[in-house]
Ligand SMILES: Cc1ncc(COP(=O)(O)O)c(C=O)c1O
């Protein structure tokens, strides 16, 4: 029974995740803590579990037998979803941006092993993914399937993220986290106190665009909070792009703290935090929580 399997999966998650103090140079009197969602589970790490859990619950409760979702060849979301579907005995089809038949990425190799059906789309086809014609095509190609949006960014995801906020051991003046589709940030905003400022670090070039995504999720749930902002100076050239500074930062941070980070999400966020601390962005004596949203699988070398 999928319900029992889901309960078993929920049970092995290391939740609540740890809050680990960090030491930085030039930190002043601020206290910085890392929320270790990367340690929730070796495969379904970080915000992926938070976002997927309510959707898996929905799927199991509604007897969904086949899930379809989509993403890139390194997608953390598809990786987590593929693993969960295997554990829950739900068929899974992954619509992939680009054709990797000749050279599977480590992520796609895992999906293959877990019995996920890989369906490659051309970049042009993938670009149509938010249109009604695409939704019709999915329905026609995979009748009776249940669609989970790219990145797991369904409105239900916000509730899973909000649960993580209830675990916090203390009040924080600032919470800082990476932002791409905006669902994780919207979930954090939804559950935060007005005395906490939520700072999103844009991991792609998206000034205005990212705010719009977060706002859309908030509007859908009538969340009117204004205690949030997105910083756009740390995308390092765009999504999954890097700079020598970022590469060096990730290496140095991992060595000094014995905490693995990757350059797409956690690296950009922690590098931004380091810059902000150095530039006295935060008032003296404040408490800052940085959210480690996992994603280390995406950094595996082909
Ligand atoms: C590891 C990781 N961190 C952060 C994010 C950003 O979350 P969101 O898309 O909800 O903004 C993602 C996904 O996009 C991710 O895979």
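The figures follow:
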| read-out | value |
| --- | --- |
| Given (1) at pLDDT 95 or above; (2) outside any helix (DSSP H, G or I); (3) in contact with a strand residue (DSSP E or B) (Cβ under 7 Å, 6 or more places away or on another chain); (4) more than 12 Å from the ligand (Cβ to nearest atom), number of the condition residue 115 does not satisfy | (3) |
| Any chance residue 148 is in contact with a helix residue (DSSP H, G or I) (Cβ under 7 Å, 6 or more places away or on another chain) and assigned by TED's automatic domain parsing to the domain that holds residue 209 | no |
| Failed condition for residue 162, given (1) within 16 Å of the ligand (Cβ to nearest atom); (2) outside any helix (DSSP H, G or I) | (2) |
| The lone exception for residue 47 - which of (1) under 25 Å from residue 282 (Cβ atoms); (2) away from the ligand (no atom under 13 Å from the Cβ) it fails | (2) |
| Some residue of region 18-31 being under 21 Å from residue 115 (Cα atoms) and more than 21 Å from the chain's Cα centre (by Cα) | no |
| Verdict on residue 6 being touching a helix residue (DSSP H, G or I) at 6+ places or on another chain (Cβ under 6 Å), more than 15 Å from the ligand (Cβ to nearest atom) and at pLDDT 95 or above | yes |
| First in region 286-302 and more than 17 Å from residue 201 (Cβ to Cβ) and touching a residue at least 40 places away in the same chain (Cβ under 8 Å), second anywhere and away from the ligand (no atom under 15 Å from the Cβ) and in a strand (DSSP E or B), Cβ under 7 Å, 6 or more apart | 286/174; 287/31 |
| Which numbered condition residue 155 misses (of (1) surrounded by 14 or more Cβ atoms within 10 Å (Cβ to Cβ); (2) part of a helix (DSSP H, G or I)) | (2) |
| Residue count for region 112-145, restricted to those that are in contact with a helix residue (DSSP H, G or I) (Cβ under 8 Å, 6 or more places away or on another chain), surrounded by 16 or more Cβ atoms within 10 Å (Cβ to Cβ) and more than 28 Å from residue 186 (Cβ to Cβ) | 2 |
| Matching entry among 195, 184 (being more than 10 Å from the ligand (Cβ to nearest atom) and assigned by TED's automatic domain parsing to the domain that holds residue 267) | 195 |
| Residues of region 181-198 classified as in a helix (DSSP H, G or I) and either out of contact with any strand residue (DSSP E or B) (no Cβ under 6 Å at 6 or more places or on another chain) or touching a residue at least 40 places away in the same chain (Cβ under 8 Å) (or both), total | 8 |
| All helices (runs of 4 or more DSSP H) inside region 1-99 with 2 or more residues being exposed (fewer than 15 other Cβ atoms within 10 Å of the Cβ) | 2-12, 47-61 |
| Failed item in (1) within 22 Å of residue 271 (Cα to Cα); (2) assigned to a loop (DSSP other than H, G, I, E, B), with residue 201 passing the rest | (2) |
| Filter result for the condition that a residue is surrounded by fewer than 18 Cβ atoms within 10 Å (Cβ to Cβ) and under 17 Å from the mean Cα position of the chain (by Cα), over 260, 233, 302, 219 | 260 |
| Answer residue from region 244-302, given it is assigned to a strand (DSSP E or B) and within 13 Å of residue 178 (Cβ to Cβ) and is farthest from the ligand (Cβ to nearest atom) among those | 290 |
| Subset tally (residues that are in contact with a strand residue (DSSP E or B) (Cβ under 6 Å, 6 or more places away or on another chain) and modelled with pLDDT of 95 or more) for region 140-174 | 9 |
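The values are calculated or read from the model by the stated rules, or taken from the named source; none is laboratory data. Here the structure is a predicted model, which is why all the values come from computation and not from measurement. All Cβ positions, even for glycine, are placed from backbone atoms using ideal geometry, and neighbour counts span all protein chains on display.
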